[in-house]
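Worksheet: the structure to be examined is printed underneath.
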Amino acid sequence: MIVEQVPVERFVSLLSEQGLRVKLGPFNVQIRTKLLQLASQLYPLYANYELVEDEIAEFHVQVLPKHSVRRPFASFVRFLIDGQSPFPSFPSDQALAVLEWGINLAVAVRTNHLLLFHSAVVERNDGAMLLPAWPGSGKTTLCTALVHRGYRLFSDEFGLMDPQLGDFLPVPRLMPLKNQSIGVIRNYLPEAVLGDEIFNTQKGTVAHVRPPKESIQRAGETAKAKWIVFPKWVANAPLKLEPLPQSEAFLLLASNSFNYGMLGETSFKAVTQLVRTCRCYKLVYSDFDRVIAALNELTDDT
Amino acid sequence: MSSKTSWRSVNFSSLHIEEWNGEYTVFHPESGKTHFLNQMGFQILVDLHSRPLSAISVDEICQNLMNQFQLQSDTTFSDQVSKTLHRFDELGLIEQVK
């Protein structure tokens, strides 16, 4: 059963009482909150996620109202994971952003059986394409465009690699667009389902994109990577998609992994194998139509 | 830095080495760290490893490198090699022999 098959009253009840358990790729997450505004935001955005009944949840998260003595008339929330609060309090109208960051933090910090790259990952023609980049490079925006143009979403944030098998695991989560990207995507993809704009967050204005339904339905289907593309959005720049030396790709990938150092030799072998079996590029783009055409050509050439 | 200092390899055979068109990634199991070396840096490790029973002086290392890479003698070269050797020492890849 998926969330949209549950009446909204039941959805709110699950969230506020025993917790809503959903499958986010390889992770089961239990979410609890009594905040009705957050529940109303989650219901359409989580519509396609599968409910989990009898399986263990890896992460138990909560978003609670918090009252401040210093600012008694302001409304704040705090995020808890397994009863611990990793963040300070946030204004309550940022609850959705806080929940999503909190779940990302849990994945980043607590996943040590997989190699984690800071990378968007999409799939086309049975091959995964990694788009590793630091914040501000436009990877979420590019990822959003690609997954509405025939690519399957694995993640806009995490490349989850099984280091033994070399497979990438999908974890299709909401994609948080920031600032100007929100208008850009609304214009380019009027069919995209976006949540409310959340203002004045630590990253500016944020609006979450709901992943395509098919990407969530196929979240159990892993893929091996065939392409590694390091993207950078530059205003008005002509498209450039150029091969990247493998040694450079290795260094960039290893340095942008969340847990490369922790996994030691396992990481070294996995990244070596990954780079040896992928075609590596650096990409500069400013125009969606051109970049999608170029990446289609790349991923058609298998 | 004294050019009389000699150096020797430490556990070269334990390193995991991958070659990428003349550049090298080297995983050092003892520290768990990965190092990125160019051809000359890697050649220093190979030269030291090739003489496991005796330490090699900086001068000899420099001479070997100049021969292999067909370099002209240069006063700054020895200093650069010495700095690299000390860096490798800090990383646990080689050690000084007094």
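The values are calculated or read from the model by the stated rules, or taken from the named source; none is laboratory data. Remember, it's a predicted structure, so these values are computed and weren't measured experimentally. In this analysis, Cβ positions are derived from the backbone assuming ideal geometry, glycine residues included, and neighbour counts consider all displayed protein chains. Accessible surface areas use protein heavy atoms only, side chains included; no ligands, DNA or RNA. Shrake-Rupley method; radii C 1.70, N 1.55, O 1.52, S 1.80 Å.
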Taking every residue of A:250-258, the Cβ atoms of other protein chains inside 10 Å of its Cβ average out to 2
Rounded to whole Å, √(5λ) for the Cα gyration tensor eigenvalues of region A:3-110, largest first, gives 23, 17, 11
In nanometres, the difference between 0.36 nm per residue of separation and the alpha-carbon distance of residue A:197 and residue A:296 is 32.5 nm
Rounded to whole angstrom, the alpha-carbon centroid of region B:63-96 lies from that of region A:8-83 at a distance of 59
Simple SL model, points at 7 angstrom along Cα→Cβ for residue B:84 and residue A:56; separation in nm is 5.1
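Run the numbers for residue A:40 and residue A:64: contour at 0.36 nm per residue of separation, minus the present Cα-Cα distance, in nm.
Numbers: separation 24, 0.36 × 24 = 8.64 nm, distance 1.53 nm.
In short, 7.1 nm is gained.
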Stokes-Einstein, Kirkwood over Cα pairs, chain B, 25 °C, 0.890 mPa s; D in µm²/s equals 180
Accessible-area loss of at least 10 Å² in the complex relative to the chain alone (1.4 Å probe) applies, within region B:1-32, to B:16, B:18, B:19, B:20, B:23, B:25, B:27, B:32
Taking Cα atoms, the helix B:39-50 axis meets the longest principal axis of chain B at an angle in degrees (rounded to 10) of 90
Taking Cα atoms, the helix A:246-255 axis meets the longest principal axis of chain A at an angle in degrees (rounded to 10) of 20
Quick tally, 1.4 Å probe accessible area for A:122, A:234, sorted with the most first, runs A:234, A:122
If the chain between residue A:75 and residue A:187 were fully extended at 0.36 nm per residue, the gain over the current Cα-Cα distance would be 37.0 nm
The convex hull of the Cα atoms of region A:1-65, divided by residue count, gives a volume in Å³ per residue of 75
Ordering A:49-56, A:282-289, A:95-102 by per-residue average of other C-beta atoms within 10 angstrom, highest first, gives A:95-102, A:282-289, A:49-56
In whole angstrom, the spacing between the Cα centers of region A:225-301 and region A:87-156 equals 16
With no solvent term and unit scatterers on the alpha-carbon positions of chain A, Debye gives log₁₀ I(q)/I(0) at q = 0.14, 0.15 Å⁻¹ of -1.06, -1.21
Across A:265-276, the residue-averaged tally of Cβ atoms belonging to other chains within 10 Å stands at 3
Protection proxy (average C-beta count within 10 Å per residue), highest first, orders A:216-229, A:240-253, A:80-93, A:156-169 as A:156-169, A:216-229, A:240-253, A:80-93
